[in-house]
Structures are given as C-alpha cells and as structure tokens.
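Engineer: Take this structure first; my questions come after.
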Amino acid sequence: MRGRFVVFEGVEGSGKTTQVQRSHLWLQESGLLAKLAIPDAPLVTREPGGTSLCQSIRSLLLTPTTEEPMQDRTELLLYAADRAQHVDFLLRPQLAAGRLILCDRYTDSTIAYQGYGRGLDRALIDQLNQIATAGLESDLTLWFDLEVEVGLARAQQRGGRDRIEQATLAFHQRVQQGFTELAQAHPQRIVRIDASRSKAEVAAEVQAVLTERITAWYSPS
Ligand code: T5A
C-alpha cells in the first residue's frame, strides 16, 4: 500500500512543530498503527530543511551570512529548490515504501508567504510548485489557525528571530489571509484547527482528525 502524506501549516508560532512532535509520539504509543498493521513509525520531516542538502538551503534562506538583501524571486526559487530535492530524494521514495509522513510546511506556505506575503504572481508560484513537486500533493493538510500577533509573541518568547520572522506585521497578516483563503478553496484537503487553545486541547483535536483519516486510509476495504 502506498504511504500517506500529512502536512502541518500555519503562521509563525502557531504550534505546528509542537504538534508534529506530539502526533509522532502519540501515533507510536496509541496502538492505532499496530491495529491497522502499519509496520513503520511515521517519518517526521519539514520544509525548508528536510534533507542534508535542504538543510544548507534552509540556512541560506533563514540565517544568511551576508547583509546583501535577498530578492523575492531568489527566495521563491530557493524554496522551490529545497522542495524539489525533498520530494525526489525523501518524500516520494518513502511514500512508495508505504510510509506515513508528517511534514512541517509544504506548498501552501509558498502560496501564503511568497504569494500573499511578498506579492509574487500566483500563476508563477503555482507553476513552480508544480515543477518542484512533480504533482505530489498532501493527502491531508492541518492548518493551525492563530492570530498573527499571538503567534509572533509565542515565537518571540522562544527567542532568536530568523529573517522571515523579522518581516513586518502587515506581511504576516497577508500570510494569514493566504492560509484563510486556501482553506476556503480546498475544504476536503485542508482541515482548520483552532490553535489558540492549550497545547493539550490542540493535540486532542489533531489526534481525532488523524485517527479518522488514517483509519479510512489503511483499513482493509
Ligand atoms: N517559508 C517556508 C516560506 O516563506 N515559504 C515556504 O515555501 C516555506 C516552506 C520556516 C520559515 O520559512 C517560511 C515560513 C517560515 O518563516 P521555521 O523555523 O521552520 O521557518 O519556522 P516555522 O515553521 O514558522 O516554525 P516556528 O517554530 O516559528 O512555529 P511553529 O512551528 O508554528 O510553532 P512551535 O510549535 O515551534 O511553537 C512556538 C512556541 O509556542 C509554544 C511552543 O512551546 C514554542 O515555544 N506553543 C504554544 N504556546 C501556547 N499554546 C499553545 N497551544 C502552543 N503551541 C506551541
């Protein structure tokens, strides 16, 4: 059986990374995978930075060592390069081997950040996403919906702001608008999670959605 690809999306500090880790642990401990005869632990990965080469691209994107301002199309192309490597080297082989994948960010981030945030042309972004993924879409995307100010405050509290976290509030609000419109446009693929609640409450909802979807995907028909 082919694997399944679950993506976690949202603005800065919305709690994606926390919930990817919690979901990973919970999936291994809950007995759900064993019940469905899924042999391997889920694979956890992220964009940018899901492979060794992608990690170098991530550093260029988020913690560049030069003062030279990165141009918007350069940023877009680096995210696309990261994704092409990630898809071909890691995601497709793992899905072909039947693996369940939990991924922190994917194509919707490019639409939200480089499209709505930077104002780059949507048709260009869709074309680049198509080139980078060669058509690989998520089976399910969990969108962690949180007010931008709350997310940025959480991220700030954790300390150390990267290049994109330092962008203006207006930029992050456009990004949030992007995720909102994407969720409206793709109600089957994108499930909204209210990320303003406690970590435990958010985790409980994520687990309920994952239980339903994974059971449907892996149950013998
Ligand atoms: N990007 C990415 C693009 O511009 N285009 C693209 O195509 C792609 C793929 C990635 C950056 O790249 C951009 C988007 C990003 O700016 P990153 O370091 O991976 O950079 O950044 P994020 O994905 O934004 O990760 P963050 O760590 O900033 O946010 P998370 O993952 O949403 O939040 P998390 O879980 O790390 O939590 C942040 C803090 O909040 C606390 C946590 O303990 C932590 O301290 N927290 C909560 N506090 C209260 N209540 C809750 N429910 C909480 N959940 C977590």
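The values are calculated or read from the model by the stated rules, or taken from the named source; none is laboratory data. Source: prediction; values computed, not measured. Because the Cβ atoms are built from the backbone with ideal geometry, glycine has one as well, and the counts that use them run over all protein chains shown.
Engineer: Since Cys103 meets every condition but one in (1) in a helix (DSSP H, G or I); (2) among the hydrophobic types (A, V, I, L, M, F, W, C); (3) crowded, with 19+ Cβ neighbours inside 10 Å, which condition does it not meet?
Structural biologist: Only one criterion is unmet by Cys103, namely (1).
Engineer: Among the residues of the stretch 9-22, are any under 25 Å from Phe144 (Cβ atoms) and free of Cβ contacts under 8 Å to residues at least 24 places away in the same chain? Can you show your working first?
Structural biologist: Here is the first cut: in the stretch 9-22, the ones under 25 Å from Phe144 (Cβ atoms) are 9-22.
Restricting the remaining residues to those that are free of Cβ contacts under 8 Å to residues at least 24 places away in the same chain gives 21.
Scanning the stretch 9-22, I find at least one residue that is under 25 Å from Phe144 (Cβ atoms) and free of Cβ contacts under 8 Å to residues at least 24 places away in the same chain, so the answer is yes.
Engineer: Quick one: Ser14 ticks every box in (1) in a loop (DSSP other than H, G, I, E, B); (2) within 23 Å of Ala183 (Cβ to Cβ); (3) over 16 Å from the mean Cα position of the chain (by Cα) bar one, so which box is it?
Structural biologist: If we test Ser14 against (1) in a loop (DSSP other than H, G, I, E, B); (2) within 23 Å of Ala183 (Cβ to Cβ); (3) over 16 Å from the mean Cα position of the chain (by Cα), just (3) comes out false.
Engineer: Sticking with this one: How many residues does the stretch 10-42 hold that are among the small types (Gly, Ala, Ser) and under 24 Å from Gln173 (Cα atoms)?
Structural biologist: Total satisfying the criteria: 4.
Engineer: Would you be able to say whether some residue in the stretch 198-219 is outside any helix (DSSP H, G or I), within 11 Å of the ligand (Cβ to nearest atom), out of contact with any Ser or Thr (no Cβ under 8 Å at 6 or more places or on another chain) and at pLDDT below 95?
Structural biologist: No, the stretch 198-219 contains no residue that is outside any helix (DSSP H, G or I), within 11 Å of the ligand (Cβ to nearest atom), out of contact with any Ser or Thr (no Cβ under 8 Å at 6 or more places or on another chain) and at pLDDT below 95.
Engineer: Check Phe144 against each of (1) in a helix (DSSP H, G or I); (2) modelled with pLDDT of 95 or more; (3) in contact with a Gly (Cβ under 7 Å, 6 or more places away or on another chain) and name the one condition it does not meet.
Structural biologist: (1)
Engineer: Can you pull out every residue in the stretch 42-62 that is in contact (Cβ under 8 Å) with a residue 12 or more places away in the chain, part of a helix (DSSP H, G or I) and either more than 12 Å from Ala81 (Cβ to Cβ) or within 14 Å of the ligand (Cβ to nearest atom) (or both)?
Structural biologist: Within the stretch 42-62, Cys54, Ile57, Arg58, Leu60, Leu61, Leu62 meet the criteria.
Engineer: Out of the stretch 148-186, which residues are touching a residue at least 12 places away in the same chain (Cβ under 8 Å), away from the ligand (no atom under 12 Å from the Cβ) and in a loop (DSSP other than H, G, I, E, B)?
Structural biologist: Matches in the stretch 148-186: His186 only.
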